[in-house]
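The values are calculated or read from the model by the stated rules, or taken from the named source; none is laboratory data. As the structure is a computational prediction, the values presented were derived from the model and not from experiment. Glycine also receives a Cβ, built like all others from the backbone with ideal geometry; neighbour counts cover every protein chain displayed. Ligands, DNA and RNA are stripped out before the accessible areas are found, and what is left, the full protein with its side chains, is counted by its heavy atoms. Shrake-Rupley method; radii C 1.70, N 1.55, O 1.52, S 1.80 Å.
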Amino acid sequence: MASEKKNSVLNEIIKPFTDLLKTSLPQKIVNFTYLIEGIVYFGMLTLMAMYFNKYINLDDLQAGRAVGLLTAGITLSMIFLGAAVDWIGIRKALIFAFFFSLIGRIVMVLAPSLGHSTGLWSDKYAWAMLGILGIVIGYGIYQPACYAAIRRFAAKEQAPMGYAMLYALMNLGGFLPGIISSPVRKLGDSLSSGNGILWVYSMYVVFTLIAFLIIVFFLTDKSIKQASESTGDTQEDDDPLAKMSVKEKFAYYIKNFPLKDLRFLYFIVILIPVQTLFAHNWLTIPQYCERAFQGGVVSANFELFSNINPILIFILTPIVTSLTVKSDVYKMMIYGTLVMALPTFFLAFGPSLYTLLAYLLFMTVGEAMWQPRFLQLVAEIAPKGMVGIYMGIGQFPWFLTKVITSLYSGWFLMKYCPSGVTPDKMNTEFMWLVYGLIAIISPIGLILAAGWMRKGFVTKASEESEA
């Protein structure tokens, strides 16, 4: 009896990975290109503050804000461009997304050589911002398109794992730069007078081109139609937008605009404090690892330690999802945000390999508990034909998180983890104590509002996701 139960649990854990191989061709293409995009996006993001330090001559505060323009701009663009996915279709949306991202990343590589002056508002800075604009437009279309694709291509019983695997694959892509970035950067530094970061960025341009060509030549209208028919999601028959005029489409969007529901608005906004920990993965962790662990393995391989979270997410997300798929969504949000926030206080004990690894492990477990379920919920409660705009609006707290965090993260680094000083003259303990107190606001807010939330939004979301 115990053996049968053990085998059942093991099968539940293994099943998500085997299901990934049984998906339709369009879903495989979306998953694979999402993996590539995860490598490129997080790989560039990890080095971006240093890119602005080195090539544009910005200080930590200015560099953090420049990175914030990218990350916050992406989320803001999702709000406005998410609707484009609903209007032009998944294939065209993905083609446009990769085209703009490719152009933007090429410009980022060329920016240091295109201008003559450095510093804030210099011509090199202007070229870099133009590159960021291309990435912002591309990614603003890209993520809503991918989640719309999963809703359309995945069978209903496979949808929860479809969303979870999409999130997990992106994070696998976020981990891989920790392996491939450092050797390329070091080789570039030795062969091109310290321009290793540009070598890494050039590699990511090639990756983006590969993903773009895969979408153009393999994600055909025929394969999309076959995948849609197999799940019963034929857009031509069921999409209420298909036969509407432009005026009617706008009226439909206004009528179903998600922020009209105050409970939904509170639900996504209260997650902002804990989501600041995501932003610190690229705004703080790389510099913290390099500066607070001087002379050790962490400092020498800061890309690897900065990207441990994504590989753990890749492993843990499908496992946690399979084991909690029947759990109450709101409780999972509370437990997940709590488990994610509390480990931040480990770092308040000072720089240590053990506290750093403990933080990364437990923070990731908490993330795996709530983040994919949140994305699934947003996609599934969206009315037919509005997945793109719902995913865009659902990302609005991300916009605020990235803006707010980028405004103060550079100041905290300069004050408590500055460059050019020894670790004994830093005060990283206080920095992480403050960040922990910020993150813990989310689970507390969810707990305090539980009664009010359950009266409307949570019940409604459950009913619509089952419909």
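For this structure, a couple of remarks:
- Share of carbon and sulfur in the accessible heavy-atom surface of the chain [1.4 Å probe, %]: 68 percent
- The stretch 113-227 gives an Rg/Rh value of 1.08, both radii derived from C-alpha positions and Rh following Kirkwood.
- When +1 charges are put on Lys and Arg Cβ atoms and -1 charges on Asp and Glu Cβ atoms, the dipole computed for the chain relative to its Cα centre reaches about 260 debye.
- Among the listed pairs LYS225/LYS260; LYS225/LYS255; LYS402/LYS425; LYS222/LYS326, those whose Cα-Cα separation exceeds 32 Å are LYS225/LYS260; LYS222/LYS326.
- Integer Hz, Karplus 6.51/-1.76/1.60 couplings in order for the stretch 110-122, x for Gly and Pro: 7, 3, x, 9, 7, x, 10, 9, 10, x, 4, 6, 6
- Net charge contributed by nearby residues that have their C-beta within less than 11 Å of ASP60 (K/R +1, D/E -1): +2
- Rh by Kirkwood over Cα pairs, then Stokes-Einstein D for the stretch 238-362 at 0.890 mPa s and 25 °C, µm²/s: 137 µm²/s
- Cβ-based net charge around ASN301, under 15 Å, with every Lys or Arg adding one and every Asp or Glu removing one: 0
- Per-residue ellipticity at 222 nm from helix content only, as computed over the chain with -39500 (n - 2.57) for each DSSP H run of at least four residues, stands at -26500 deg cm²/dmol.
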